[in-house]
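Student: Here's a structure for you.
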Amino acid sequence: MTTLNAPPTSTTPRDDARMLHKAFKGLGCDTSNIIKILAHRNSEQRDLLQQEYETTYSEPLSKRLSSELHGNLKKAVLLWLNDPPTRDATILRQALTAQSGRVIDFQAITEIICSRTPSQIRRFKEVYLSSYHSNIEHDIEKQTSGDHKKLLLAYVSIPRYEGPELDHGIVQQDAQQLYRSRERRIGNDENVFIKIFSERSSTHLAAVALAYKGLHGNTLEKAIKKETSGLFLSGLLAILRFATNPALYFAKILRKSMKGVGTDDSRLIRVIVTRTEIDMQYIKVAYFSQYGKPLTHAVRSDTSGHYKDFLLHLLGTHFFSSHVLMEEGFDGVAALMVVARGKDFMAVVWPGRDGDVGECSSDDGFARVEDDAQCHD
């Protein structure tokens, strides 16, 4: 569910282009108005606006914004201009390119690839190839190494089912196979993990994690942490956490980006900009439940100026409607939805990976959530 707020009255691309051009005039620019326009246009509207601006003023909007804005605001706005596949391709290209003082950003590479659905991966691969005249597999092969490279290459190359159905027998087999290969050290365990994590759907992998704990009393995440390390560990955890609770996965990344001394602005921008039009509403709920304060408050205290204003415009308000429901799914795995108002949160919730949920009642097989223990480490 998006946090993007459309303007109360409809505007045309021509109107937006004219208002932006006016904001650029004179000494300095009217940054507040630029934010008010761009932060409230969806992907299609931004695309039409860019076309109109270049047609009318013979200059790409991105080029003009690049000359008018600076610092983290400039990075966030330029990334926001793109549609989702182009954003992902842009982030990956920058992360995989070691030039102009940049180093390979393995964190960004892992986060983007391991938290995207097969259809999203297919689309950003097409954009990557058309924009940079290189297959992303070639650049991953060149810039990464070891089991991390094997995992990433498999994850971007192997088609995976995206639906909710699963085979309970195969779920049990995978849980047993992971246990034997990891905890009993039988066979080439890294390849077993790579095969299952790159070939199975997110729904299936979430069920495997539940079955693993039921069979062996230990969580699959703890087993991964115990037996793997480094970038391979990061990749496996990203895939598993996104499969089991995508909203909480991104909430934790946002927390890490703002925790301690200083702010990891690249990571903060990456998550907020790429998730605003997908599932940011649920990420905000997960953040509140996990850390006890609204995400908007955390962003407000860790950023400043027009950069802060832009991020807050994307995030919207921190208030939600008020009910807490849990849908029983496969083998007890719940598709959770928590919607709360202010400080009345009872538990964290998460929707399907497409960001859509429907209105439900206890008569439809839903039960009240008593606590949020399953949402914590």
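Student: Hey, rough spin-label estimate for Gln176 and Lys293, points 7 angstrom out along Cα→Cβ, what's it come to in nanometres?
Tutor: Using points 7 Å along Cα→Cβ, the separation is 5.0 nm.
Student: Would you report the distance distribution of C-alpha pairs in region 31-187 as whole percents per 10 angstrom bin, up to the bin with the largest distance?
Tutor: P(r) for region 31-187, in whole percents per bin: 9, 29, 29, 21, 8, 5, 1.
Student: Quickly work out the Ile158-to-Lys259 label distance, labels modelled 7 Å from Cα along the C-beta direction, and quote it in nm with one decimal.
Tutor: 3.0
Student: Continuing with this model, one more query. Cross-link candidates for Lys25: which lysines have Cα within less than 20 Å, leaving aside residues fewer than 8 places away along the same chain?
Tutor: Result set, ordered by chain and number: Lys36, Lys63, Lys74.
Student: With label points built 7 Å along Cα→Cβ from the Cα atoms of Ser229 and His133, find their separation and express it in nm.
Tutor: Using points 7 Å along Cα→Cβ, the separation is 4.2 nm.
Student: Separate question: Please list, in order along region 213-228, the HN-Hα scalar couplings obtained from phi with the Karplus expression 6.51 cos²θ - 1.76 cosθ + 1.60 (θ = phi - 60°), rounded to whole Hz, x for Gly and Pro.
Tutor: 5, x, 7, 10, x, 10, 7, 5, 5, 5, 5, 5, 5, 6, 10, 10
Student: Same structure again: Which one, Leu78, Ile112, Ile140, projects farthest toward the positive side of the charge dipole computed for region 78-168 from Cβ point charges (K/R +1, D/E -1)?
Tutor: The one lying farthest along the dipole's positive direction is Leu78.
Each value in this text was obtained by applying a stated rule to the coordinates, not by laboratory testing. The shown structure was predicted, so the numbers you read here are calculated from the model rather than taken from an experiment. Here Cβ is always computed from backbone atoms with ideal geometry, including for glycine, and neighbour counts include all displayed protein chains.
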